[in-house]
Amino acid sequence: MAANGTHTNGDSALPKAKDLWHHLSPEALSRRPSPLKTAFKYAVDPRIVSLGGGLPLPAYFPFEKITATAPEPPFLTYNDPVKSKDAPMLTVEVGRYNHEQDPGMIPLATAMQYGQSDGAPPLLNWIKEHTRLVHHPPYSNWGCLMTVGNTQGLDAALRLLTSRGDSILAEEYTFSSAMETAHAQGVRSVPVKVDLEGILPTELEAQLAAWEGPLPKFLYTIPTGQNPTGGTLSSERRKEVYKVLSKYDILIVEDEPYYFLQMDSYVPGASANAPTPPPTLAEDPQKHIKFLSQMVTSYLSLDIDGRVLRLDSFSKVMAPGTRLGWIVAQEPFIERLMRQNEVSIQTPAGFTQSIVFSLLSKWGQDGYLDWLVELRKEYTHRRNVCIDGLAEYFVKPSSFAPKGLTSVVEWKAPTAGMFFWLKFDARKHPKYGTLTPLEIEKEIYEAAIEHGVLFIPGSWFRADQDPIDESIEPADDQPVDIFFRGTFATVPQDKLLQGLKLFAETIATEFGLSH
Ligand code: PLP
């Protein structure tokens, strides 16, 4: 049995997480604390003369000061195409020593030194506070550990919980890099049936009831703004999924880089209106409470057992290049992950931790929420432009598709993330029967590139990476679905619309609907 976590980040009146130590991999179980790291606390204790630690003298760090300029809350004009040049800015300055007494700084002498493997304490505390505000994990002994983003977070979770020969569950179509991480560690990904929203709990239950052999180690899921489908699982379905997995004692790794890119619901034609700035906190003191109440329930907030490892990241809400993320899980798991960090990444880079922390502490929890509200507004508008564009080019009769394209294509307006997912009925393709659905998908992909637009074929995201089983003849009334992933996050509006039109033209030609 594990030495249970000593910290209580959550409400101490809440029960502790279940003992789930039996889920740890042999690798995780054999990790020992680095003896050098155990001596570290003495090396930085001002009462002790340290001749023990191999820490270079901060005076020799060739960095006096780092300065960054960033927008200031409430960001009302930062993204306004006309007024943005006058948007108020603030300066974030991190010095070598001089801010040591300033709780809003991690001075460079500390940030650039070897440090605690779960992250710099001021940043870690900030993240814990944020986690409390947003998710209220319903058990007492949860903890956090900083990562180099969710890519590394998943690698760490796989090492913590799986061994070669194990399996995990994943949405039928999922983030291909995640599957590659598992595959390289000898871990098989088994797809779970989804619809355009996400996992179907009844299918999951049936799949597990019929399971033969050792159960999968965890469900890897991207429940919000899923990559690639753009689907967001409702709170109701999350509760059902949690219940099923709890029944079979299976853990959940929720990979949530898009959690805060949740949008207002889609209203056709809304893209005609420029997005209006949200009220300030002074104008609407309930602003943040309302914002947080609009967020779909996370698995972490449902996690009475302590069976969820939540992967969070600044990549999509600040910048991918921060390479900064964190894991929230029960303390015994965090302690094992800390042992892993000690001998792998040690900690995320000091540059990143100190600059991001200084910015966050200048913004404050409220300023950060203001930033997220601002992103919601921006992404809602981009999504509106995209879905209105689909209506324009795929639904309306046009010169290139006199009857429109709705007989072959289907989509669901995403409510989070960066992606939209187009579903095509391959049986409507003139070459169906001669070509397999996979070959049709490849032909469309190549024709689109030839026509000047890139969409990613859905089969590239299949969890099992086996090609669609071509030996099975589809029943006549069963549509054979092929998918393409697009994003509305990357290019300016005019390019987005141009891309949609080019793809619609490709589809019209491919499906023989151009006359
Ligand atoms: N997880 C998912 C589902 C993603 O879509 C991405 C980025 O595309 C990542 C993780 C990578 O996240 P990070 O930059 O935090 O490593």
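Ignoring ligands, DNA and RNA, what accessible area per residue does the range 396-510 give at 1.4 Å, in Å²?
Solvent-accessible surface per residue comes out at 51 Å².
Run the numbers on the range 396-510 and let me know its relative contact order in percent, using alpha-carbon pairs under 8 Å that are six or more apart. The partial results should precede the final answer.
Working: 132 pairs, mean separation 40.0, N = 115.
So the answer I get is 35 percent.
Show me the ranking of peptides 391-401, 146-156 by mean Cβ neighbours inside 10 Å, starting with the highest. Walk me through the intermediate numbers first.
Details: 391-401: 16.5, 146-156: 22.9.
Ranking the peptides 391-401, 146-156 by packing returns 146-156, 391-401.
Determine the gain in length on full extension of the stretch Asp464-Ser12; use 0.36 nm per residue of separation and subtract their C-alpha separation, reporting nm with one decimal.
Contour length minus the Cα-Cα distance gives 158.5 nm.
With a ≥ b ≥ c the root eigenvalues of the C-alpha gyration tensor of the chain, is it rounded (a/c under 1.5), prolate (a/b larger than b/c) or oblate? Spell out each step's value before the answer.
Numbers: a/c = 2.08, a/b = 1.39, b/c = 1.49.
Verdict is oblate for the chain.
What's the FRET efficiency of Arg164 with Gln286 using the Cβ-Cβ distance as r and R₀ = 45 Å, to the nearest 0.05?
It comes to 0.30.
In sequence order, what are the phi-derived ³J(HN,Hα) couplings for the range 142-148 according to the Karplus relation 6.51 cos²θ - 1.76 cosθ + 1.60 with θ = phi - 60°, rounded to whole Hz, with x for glycine and proline?
3J(HN,Hα) across the range 142-148, in whole Hz: 9, x, 10, 8, 6, 10, 8.
Keeping the other protein chains in place, figure out the carbon and sulfur percent of the accessible area of the range 176-333, with a 1.4 Å probe. Please report the intermediate quantities before stating the final value.
Numbers: 3340 of 5970 Å².
Whole-percent figure for carbon plus sulfur exposure: 56.
With an 8 Å Cα cut-off and a minimum separation of 6 or more residues, compute the relative contact order for the chain in percent.
Relative contact order of the chain: 20 percent.
Determine the share of the range 396-510's accessible area contributed by carbon and sulfur atoms, expressed in whole percent, with a 1.4 angstrom probe. Can you show the working numbers first?
Values: 3120 of 5860 Å².
Solvent-exposed carbon and sulfur of the range 396-510 make up 53 percent of the total.
Starting from the range 330-432, pick out the trypsin sites (Lys or Arg not before Pro) whose DSSP state is loop and whose Cβ has at most 14 other Cβ atoms within 10 Å.
Passing both the DSSP loop test and the Cβ count: Lys403, Lys431.
Report, in debye and to the nearest 20, how large the dipole of the chain comes out about its Cα centre when Lys and Arg carry +1 and Asp and Glu carry -1 on their Cβ.
That gives a dipole near 1200 debye.
Quick check: net charge around Pro275, other residues with Cβ under 14 Å of its Cβ, Lys/Arg +1 and Asp/Glu -1?
Taking every other residue near Pro275 into account, the sum is 0.
Going by average Cβ neighbours within 10 Å, how do the peptides 188-197, 300-309, 119-128, 282-291 rank, with the highest at the top?
300-309, 119-128, 188-197, 282-291
At 1.4 Å probe size, what's the solvent-accessible area of Arg237? Round to the nearest 10 Å².
So the heavy atoms of Arg237 present about 40 Å² to solvent.
Using the charge dipole of the chain (Lys, Arg: +1 at Cβ; Asp, Glu: -1 at Cβ; taken about the Cα centre), state which of Val190, Ala28, Leu311 has its Cα farthest towards the positive end.
Looking along the dipole axis, the top candidate is Ala28.
FRET efficiency for Tyr97 and His515, Cβ-Cβ distance as r, R0 = 56 Å, nearest 0.05?
0.15
Rounded if a/c is under 1.5, else prolate if a/b beats b/c, else oblate: with a ≥ b ≥ c from the C-alpha gyration tensor eigenvalues square-rooted, which is the range 247-401?
Because a/c hits 1.5 or more and a/b exceeds b/c, the range 247-401 counts as prolate.
Could you work out how much longer the chain between Ser30 and Glu443 gets when fully extended? Use 0.36 nm per residue separation minus the Cα distance between them, nm to one decimal.
Full extension from Ser30 to Glu443 adds 143.7 nm.
What residues qualify as long-range amide H neighbours of Thr487, i.e. H under 5 Å apart, gap of 5 or more or another chain, H built at 1.01 Å from N?
Correct list: Phe420.
If you take the charge dipole of the chain about its Cα centre, with +1 on Lys and Arg Cβ and -1 on Asp and Glu Cβ, which of His515, Gly404, Trp460 is farthest toward its positive end?
Trp460
Under 13 Å from the Cβ of Thr406, count the other residues' Cβ atoms, weight Lys and Arg +1, Asp and Glu -1, and hand me the total.
+1
From the phi of every residue in the range 359-367, what ³J(HN,Hα) in whole Hz does the Karplus formula 6.51 cos²θ - 1.76 cosθ + 1.60 yield, where θ is phi - 60° and glycine or proline is x?
5, 4, 6, 5, 5, x, 4, 5, x
Relative to the longest principal axis of the chain, what angle (0 to 90°, nearest 10) does the C-alpha long axis of helix 437-451 take?
For helix 437-451, the angle is close to 80 degrees.
Leaving out same-chain residues fewer than 8 places away, which aspartates and glutamates sit with a Cα under 20 Å from that of Lys495?
Cα-Cα hits under 20 Å: Asp80, Glu378, Asp388, Glu392, Glu446, Glu450, Glu505.
In whole Hz, what ³J(HN,Hα) sequence does the range 179-188 give by Karplus (6.51, -1.76, 1.60; θ = phi - 60°), x for Gly and Pro?
Each residue of the range 179-188 in turn: 5, 5, 4, 5, 4, 5, 8, x, 10, 8 Hz.
Residues with amide H under 5 Å of Tyr220's amide H, sequence separation 5 or more or different chain, H placed in the peptide plane at 1.01 Å from N; which?
It is Leu169, Ala170, Val253, by chain and number.
Given axes a ≥ b ≥ c from the Cα gyration tensor, I'd like to know whether the range 72-225 is rounded (a/c under 1.5), prolate (a/b larger than b/c) or oblate.
On the way: a/c = 2.58, a/b = 1.72, b/c = 1.49.
Prolate, because a/c is 1.5 or more and a/b exceeds b/c.
What pairs from Lys193/Lys243; Lys316/Lys423; Lys193/Lys403; Lys396/Lys423; Lys16/Lys316 go past 21 Å between their alpha carbons?
Lys316/Lys423; Lys193/Lys403; Lys16/Lys316
Stretch Leu55-Asp494 to full length: gain in nm at 0.36 nm per residue minus the Cα-Cα span?
Numbers: separation 439, 0.36 × 439 = 158.04 nm, distance 5.30 nm.
That works out to 152.7 nm of additional length.
Rounded to the nearest 20 Debye, what is the dipole magnitude of the range 219-281 about its Cα centre when Lys and Arg each give +1 and Asp and Glu each give -1 at the C-beta?
Working: 5 positive and 7 negative charges, 36 e Å.
In debye, rounded to 20, the range 219-281 gives about 180.
Skipping prolines and chain starts, which residues have an amide H placed within reach, meaning under 5 Å, of the one on Ser189, given they are 5 or more residues away or on another chain?
For Ser189, the qualifying residues are Ile168.
How would His23, His451, His515 line up by accessible area, probe 1.4 Å, largest first?
From most exposed to least exposed: His515, His451, His23.
Compute the label zone of Lys239 within the range 126-163: residues whose backbone N is under 16 Å from the point 7 Å along Cα-to-Cβ.
138
Just add up the charged neighbours of Lys243: K/R +1, D/E -1, any other residue whose Cβ is under 15 Å from the Cβ of Lys243.
My count for the surroundings of Lys243 gives -1.
The values are calculated or read from the model by the stated rules, or taken from the named source; none is laboratory data. Just so you know, these numbers come straight off a predicted model, no measurement behind them. Because the Cβ atoms are built from the backbone with ideal geometry, glycine has one as well, and the counts that use them run over all protein chains shown. Each accessible area value is taken on the protein alone, full model and side chains, heavy atoms only, with ligands, DNA and RNA left out. Shrake-Rupley method; radii C 1.70, N 1.55, O 1.52, S 1.80 Å.
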